[in-house]
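See below for the structure under consideration.
The values are calculated or read from the model by the stated rules, or taken from the named source; none is laboratory data. Predicted model only: the values in this text are computed from it and were never measured. Here the Cβ positions follow ideal geometry from the backbone for every residue, glycine too, while neighbour counts run over all protein chains shown.
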Amino acid sequence: MNYFDGKIVDLLMYFTANCAQDVCDKVHLLKLMYLADRDHMRECGRRITSGSYLAYPKGPVNKRAYEILVSADSGHCDELREYLIALDDEGHHKYISDKVGYRYPHLSLSDRQSADCAIETMLQLASKGEDLSEFTHHFPEWSKVKDKIDDAHRVYPEIDIADFFADPDEPGKEYSKASPALVALNKDSFLNY
């Protein structure tokens, strides 16, 4: 497994280890990854994962993470099966990792902090009865391209990662704790260096 896929798998494993199993389905894991990447971009000027983000009907999706989860679903990837196991739950896959004491070697401290921010955001939304998919629709990176989504023809436009620095369309929806000054500094660094 290459380094970049290793970061994605470690992040997925981190979520499965730190979330209740009922939220470890494909949609929730991909939403958590998006929230963690977005927070990390605002806090540190870079994403945790690599690869492009696409706009799906339920929100932003990391294309490579989606491919990795599909591989886990099929059970045909021996290398992946060592790290992430897909369980069939009435036609929907839930994911677990049975690596006890695993240290997530591809994740830095700041990566884990942003992952924790994503988990905390999901828990806060759940406590208020809000839907995680709907929540991700408040961010400009998705809303700017949502009209180009054509699920019937499997057309999912690419999201401009630089838009992770933009504030939500609806006031009060920002979950990242990065100060506006830090976001502006990281945006400038990302765009100019």
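Just to be sure, is residue 119 more than 15 Å from residue 57 (Cβ to Cβ) and surrounded by 17 or more Cβ atoms within 10 Å (Cβ to Cβ)? It is true that residue 119 is more than 15 Å from residue 57 (Cβ to Cβ) and surrounded by 17 or more Cβ atoms within 10 Å (Cβ to Cβ). For segment 106-131, a residue qualifies if it is under 15 Å from residue 27 (Cβ atoms), small (Gly, Ala, Ser) and modelled with pLDDT under 95, and exactly one does: 126.
Just to verify a result, which residue in segment 170-193, among those that are within 19 Å of the chain's Cα centre (by Cα) and of a type in the set (D, E, K, R), is modelled with the lowest pLDDT? The selected residue is 173.
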